[in-house]
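These notes concern the structure reproduced below.
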Amino acid sequence: MRFALLSLAVLALGGCASFPDDGPATNSVVKNAHAPSDRHYDLVKLDYRVVSEVAAHPPEPLTTLAGSSSTSRLGLIEDGDLVSVSIFQPSSEMSLGASASDDTKKSDDQSLPTLLVDETGRIAIPFGGQVEVAGLTPGEASTAIKRALKGRFINPQVLVSVQASPANSVTVLGEVKNSGLIRLSANNDTLINVIASAGGATRPNGDVVVAITRAGRTTSAPLTIVLSDPAQNIRLAPRDEVQLVYHPRKFSTFGALTKDAQTPIEDDTLSLAGALNPSAVMVFRFERPEVAQALGLNVASSAVRVPVVYLLDLRAPAGFFVAQKFEVQPDDIIYVPHADLAEARKFFEVVNEVSSVGYDIAVTNTIIK
């Protein structure tokens, strides 16, 4: 929704492809914020208290992987697996065709060619026939083959190992160094394990979203949350699809500072002081209701996001210290007012229009829910 609202803000500027360089003066922003007839936003002056309240309510991911851990049993042989089978006849025992009275003592070890588990879940064992191994562990499959050889060998020892198992693998795609199938095992079955096995992310962690598709249902979470919250590092299930999606974090700037542009957030966090350095700064943000309430703003019960304009006066002695603590968030619109302007209301006419659309969408979403 935030992307859609940001796009509407651009379209509202008369079809221009970017924000205007000549926005309103600071006094016009304050005046419009206190005009109840057409006000659709709240003006909040940034100080230590406001910065602390915002920092005390960190953004929560819109979606979560917590609770999606798989309980599937790993290591079972399935259709399409490639297995190797070795049959060992102890030297003190009789091999195939020998009788217990023979004095001949010899070893008859046999390693069969790699066998494919067919669509019926069986493999062909010489002198043992078709043996069903699908759904069994390698140890259980060894017992099944030994049982099939009863009467043909005297106390044979059978070892089964899985060489390849697409059915016990996950598919890793997207922004990783080595995409492809990653086989799950007892010590390699969590999301972080699998991403590491694929070589890790090729983009900054803050710009990557991890999406997991299982049985036609997709859940996702930011990679930074997966790495920091153990509840998000879920246990994967065979045949899961893991995709790392590049989702760059950007904020918009325009006004007196520079030509309007969208700037990527390259570090994990970016303070307002690190973003720009003018005499006054305004940050337009669709704030979360819990933050707006903590700031003492009136929040409608149906609000999903609250339009807020944060105003920071960098001419005040504490201005730069506050700017260093105020974290820029993705999709923020940062505006630097000009000192003198003829078109003083242009920017906040856009803000009002977008904010009104935002409330309409919030109410609609509430009704739908």
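The values are calculated or read from the model by the stated rules, or taken from the named source; none is laboratory data. Keep in mind that what you see is a predicted model, and the values were worked out from it rather than measured. Every residue, glycine as well, gets a Cβ built from its backbone with ideal geometry; the counts of neighbours run over all protein chains shown. When the accessible area is computed, the model is the full protein with side chains, heavy atoms only, and any ligands, DNA or RNA have been set aside. Shrake-Rupley method; radii C 1.70, N 1.55, O 1.52, S 1.80 Å.
Would you mind stating whether Val208 is buried (at least 18 other Cβ atoms within 10 Å of the Cβ), touching a Leu at 6+ places or on another chain (Cβ under 9 Å) and modelled with pLDDT of 95 or more?
In short, no.
Quick check on Arg147: is it surrounded by 13 or more Cβ atoms within 10 Å (Cβ to Cβ) and of a type in the set (Lys, Arg)?
Considered against the rule, which asks whether it is surrounded by 13 or more Cβ atoms within 10 Å (Cβ to Cβ) and of a type in the set (Lys, Arg), Arg147 comes out as no.
Of all residues being basic (Lys, Arg) and open to solvent by 70 Å² or more (accessible area, probe 1.4 Å) in segment 297-328, which is nearest to Arg249 (Cα to Cα)? Just the residue, please.
Lys325
Which of the residues belonging to segment 230-241 are surrounded by fewer than 16 Cβ atoms within 10 Å (Cβ to Cβ) and either under 21 Å from Thr202 (Cα atoms) or of a type in the set (Ser, Thr, Tyr) (or both)?
Scanning segment 230-241 gives a single hit, Glu241.
To keep it simple, each residue is scored yes or no on (1) part of a strand (DSSP E or B); (2) at pLDDT 70 or above; (3) surrounded by 12 or more Cβ atoms within 10 Å (Cβ to Cβ).
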site	(1), (2), (3)
Ala98	no, no, yes
Ser101	no, no, no
Lys105	no, no, yes
Asp108	no, no, yes
Glu119	no, yes, no
Ala124	yes, yes, yes
Gln130	yes, yes, yes
Gly135	no, yes, yes
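What's the total number of residues in segment 155-181 that are in contact (Cβ under 8 Å) with a residue 40 or more places away in the chain and either under 19 Å from Ile234 (Cβ atoms) or assigned to a loop (DSSP other than H, G, I, E, B) (or both)?
Final tally of qualifying residues: 12.
Looking at segment 126-154 only, could you name the residues that are in contact with a Pro (Cβ under 7 Å, 6 or more places away or on another chain) and not hydrophobic (A, V, I, L, M, F, W, C)?
Lys146
Which condition number does Ala167 fail, the rest of (1) touching a Lys or Arg at 6+ places or on another chain (Cβ under 8 Å); (2) open to solvent by 30 Å² or more (accessible area, probe 1.4 Å) being met?
The number of the failed condition is (2).
Is there a residue being modelled with pLDDT of 85 or more and touching a helix residue (DSSP H, G or I) at 6+ places or on another chain (Cβ under 8 Å) anywhere in segment 58-73?
yes
Of the residues Gly121, Gly151, Gly139, Gly180, which single one is under 20 Å from Leu82 (Cβ atoms), over 36 Å from the mean Cα position of the chain (by Cα) and not hydrophobic (A, V, I, L, M, F, W, C)?
On inspection, the qualifying residue turns out to be Gly139.
Any residue at all in segment 32-40 that is modelled with pLDDT under 80, of a type in the set (Lys, Arg) and out of contact with any Pro (no Cβ under 8 Å at 6 or more places or on another chain)?
Looking through segment 32-40, at least one residue is modelled with pLDDT under 80, of a type in the set (Lys, Arg) and out of contact with any Pro (no Cβ under 8 Å at 6 or more places or on another chain).
Restricting to segment 191-250, name every residue that is of a type in the set (S, T, N, Q), farther than 19 Å from Asn178 by Cα and free of Cβ contacts under 8 Å to residues at least 24 places away in the same chain.
Passing the criteria: Thr218, Ser228.
Conditions tested, residue by residue: (1) assigned to a strand (DSSP E or B); (2) at pLDDT below 90.
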| residue | (1), (2) |
| --- | --- |
| Ala231 | no, no |
| Val245 | yes, no |
| Thr253 | yes, yes |
| Thr258 | no, yes |
| Ala273 | no, yes |
| Val304 | no, yes |
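Restricting to segment 307-328, give me the number of residues that are farther than 16 Å from Met282 by Cβ and of a type in the set (A, V, I, L, M).
Selection size over segment 307-328: 1.
Kindly provide the set of residues from segment 125-154 that are free of Cβ contacts under 8 Å to residues at least 60 places away in the same chain and among the small types (Gly, Ala, Ser), ordered by number.
Within segment 125-154, Gly128, Gly129, Ala134, Gly135, Gly139, Ser142, Ala144, Ala148, Gly151 qualify.
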